[in-house]
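Heads up: the structure comes next, in structure tokens.
The values are calculated or read from the model by the stated rules, or taken from the named source; none is laboratory data. Being a predicted model, the structure only gives us computed values, none of them experimental. Ideal geometry is used to build each Cβ from the backbone, glycine not excepted, and the neighbour counts take in all protein chains shown. The protein model used for the area step is the full one, side chains on, heavy atoms only, and it has no ligands, DNA or RNA in it. Shrake-Rupley method; radii C 1.70, N 1.55, O 1.52, S 1.80 Å.
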Amino acid sequence: MKSSFGVLLFAATCVASPAAAKVIDQSDIGFTVAHTAQVAATPEDVWKMLRTPDKWWSKEHSWSGDAANFWLDSQAGGCFCEKLPDEGQGVGSVQHARIIFAKPGEMMRLSGAFGPLQGEAVTGTLTIQIKKTPTGSAIRFDYVVGGYMRFKVADIAPAVDKVLAEQMVGLANALGGSLPVARGDKPAEDKSGEGADETAKPADSNADADGAAEPEPADSGLDAAVADLVKDEPKRD
């Protein structure tokens, strides 16, 4: 099977639309992308689904071309990995990321440079946060990438953003679909400095054909539950 992950992510650099981008920060040495969604599922159910990437991570962004080859362990040091089926020379495998923080029902953090970034001298950190809401759960992805790479940040950041948007849509759809976000509510004050504002819009069912969510009106805002996800990150020692 061919390595579709690298091919498709490279292709995305040519078609990613700035209007749909959720790149919330970038510089010459790295970038940050963020995506949010709300679902009618409990944090416990979100966590269970999160741990079965074969049900929601797109096969189009795999090395084997088959999502059934994904698995994700549950504890720090565990692997988000993919089996490469035997094509006559033995079974292979890929480590997409490893778990560095796991608090069931609340947060998982993974360290890994996805797709073609794996071949560069970069560090990628994906933080997935879950928060209970009156209607289910709010979910947020933050992916921070930094280091030396042979890609231009201005090109690769929107491409990575597009891929992460597809995975958020896939996760939300696997949990029954995204819920609409309250309109007109101002986001809660963000004291983290990570910019949880309208630049990180929720994924929803109005995604385009490639899986990236349609941009929301500039004045729609995020509801307090989603805005609080960054602010309420567990305190570090």
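Quick look at the numbers
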{"item": "Residue among Q95, Q75 that is in a loop (DSSP other than H, G, I, E, B) and at negative phi", "result": "Q75"}
{"item": "Test: residue in segment 189-198 that is touching a Gly at 6+ places or on another chain (Cβ under 9 Å), modelled with pLDDT under 50 and open to solvent by 30 Å² or more (accessible area, probe 1.4 Å)", "result": "yes"}
{"item": "V94 vs. criteria under 24 Å from G78 (Cα atoms), at pLDDT 95 or above, β-branched (V, I, T) and open to solvent by 10 Å² or more (accessible area, probe 1.4 Å)", "result": "no"}
{"item": "Search result, residues across segment 43-56 that are open to solvent by 10 Å² or more (accessible area, probe 1.4 Å) and free of Cβ contacts under 8 Å to residues at least 40 places away in the same chain", "result": "K48, R51, T52, D54"}
{"item": "Residue list for segment 1-42, restricted to those being buried (at least 21 other Cβ atoms within 10 Å of the Cβ), modelled with pLDDT of 95 or more and in a loop (DSSP other than H, G, I, E, B)", "result": "A41"}
{"item": "Any hit, segment 126-146, residues being part of a strand (DSSP E or B), in contact with a Lys or Arg (Cβ under 7 Å, 6 or more places away or on another chain) and small (G, A, S)", "result": "yes"}
{"item": "Selection from segment 40-77 of residues that are under 15 Å from the mean Cα position of the chain (by Cα) and of a type outside the set (D, E, K, R)", "result": "V46, W47, M49, L50, T52, P53, W56, W57, S58, H61, S62, L72"}
{"item": "Looking only at segment 115-133, and only at residues there that are surrounded by fewer than 18 Cβ atoms within 10 Å (Cβ to Cβ) and at pLDDT below 95, the one that is nearest to P43 (Cα to Cα)", "result": "Q118"}
{"item": "Test for I100: is it open to solvent by less than 50 Å² (accessible area, probe 1.4 Å) and touching a Ser or Thr at 6+ places or on another chain (Cβ under 7 Å)", "result": "no"}
{"item": "Unmet criterion (only one of (1) out of contact with any His (no Cβ under 8 Å at 6 or more places or on another chain); (2) open to solvent by less than 10 Å² (accessible area, probe 1.4 Å); (3) closer than 29 Å to Q38 by Cα) for R140", "result": "(1)"}
